[in-house]
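Any read-out appearing in this document is the output of simple, stated calculations on the displayed coordinates, not a laboratory observation. The structure presented is a predicted model; accordingly, all values stated were derived computationally and were not measured. Note that each Cβ is placed from the backbone with ideal geometry, even for glycine, and that neighbours are counted across all protein chains shown.
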Amino acid sequence: MLKEEKNNIYYMSRSLKKGPYINERLLKKIKALRPGDKTIIKVWDRSCTITPEMVGFTIGVHNGKLHIPVLVVENMVGHKLGEFSPTRKFVSHGGKMAKDQAKAAPAAKTGK
């Protein structure tokens with residue numbers, strides 16, 4: 001029953017009786033498109049499971065601010081759409097030491 005192990009924490013998978021959650025409206029939109037079509041389908045549903053029918057299409061997954069285009073490949077089948085659209089943007093760790101290192105790095109490259 002336990003699906004994954006991450007840092008010794010076990011996560012439960014969705015019930016086999018229910019099956020995976022798939023957005024029916026998204027499947028209709030995908031079936032209406034031709035294979036290899038490059039149009040981006042906008043989706044707010046991050047919890048939708050990726051199915052084999054979605055392979056080869058580009059889906060714009062909402063991250064809370066904008067839609068990030070995700071090209072679905074075979075390895076993504078079974079995962080959730082939200083896994084491929086990060087919601088947080090890492091800027092950098094601050095501090096005086098980090099600023100000094102950032103200034104020294106370009107000087108080292110140009111000075112050889």
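Which entries of Lys17/Lys38; Lys65/Lys96; Lys29/Lys80; Lys28/Lys80; Lys17/Lys65 show an alpha-carbon separation above 26 angstrom in the structure shown?
Numbers: Lys17/Lys38 35 Å; Lys65/Lys96 31 Å; Lys29/Lys80 18 Å; Lys28/Lys80 18 Å; Lys17/Lys65 34 Å.
Cα-Cα > 26 Å for Lys17/Lys38; Lys65/Lys96; Lys17/Lys65; rest within.
Nearest 10 degrees is fine. How inclined is helix 96-111 to the longest principal axis of the chain, computing both from alpha carbons?
80
When N counts the residues of the chain, how does its alpha-carbon radius of gyration compare numerically with 2.2 N^0.38 Å, as a ratio? Display every interim value, and only then the final one.
Numbers: Rg = 20.1 Å, N = 112, 2.2 N^0.38 = 13.2 Å.
So the Cα radius of gyration is 1.52 times the expected 2.2 N^0.38 Å.
Would you work out which of Gly19, Val73, Ala108 lies farthest towards the positive end of the dipole of the chain? Charges go on Cβ: Lys and Arg +1, Asp and Glu -1.
Comparing the listed Cα positions along the dipole, Ala108 ranks first.
Label Lys96 and Lys38 with points 7 Å out from Cα along Cα→Cβ: what is the distance between them in nm?
Inter-label distance under the simple model: 5.1 nm.
Picking from His62, Pro52, Gly94, whose Cα lies most toward the positive end of the charge dipole for the chain (charges on Cβ: Lys, Arg +1; Asp, Glu -1)?
My answer, from the dipole projection, is Gly94.
Nearest 0.05, what FRET efficiency do Ala105 and Leu71 give at R0 = 30 Å with Cβ-Cβ as r? Please list the in-between numbers first.
Details: r = 32 Å, r/R0 = 1.08.
Calculated transfer efficiency: 0.40.
Output wanted: per-residue J couplings in Hz (rounded whole) for the stretch 19-34, from phi through Karplus 6.51 cos²θ - 1.76 cosθ + 1.60, θ = phi - 60°, x for Gly and Pro.
x, x, 7, 10, 6, 5, 5, 5, 5, 4, 5, 5, 5, 6, 7, 7
In the stretch 20-87, what % of DSSP beta bridges are antiparallel (nearest 5)?
Antiparallel bridges make up about 60 percent of those DSSP assigns within the stretch 20-87.
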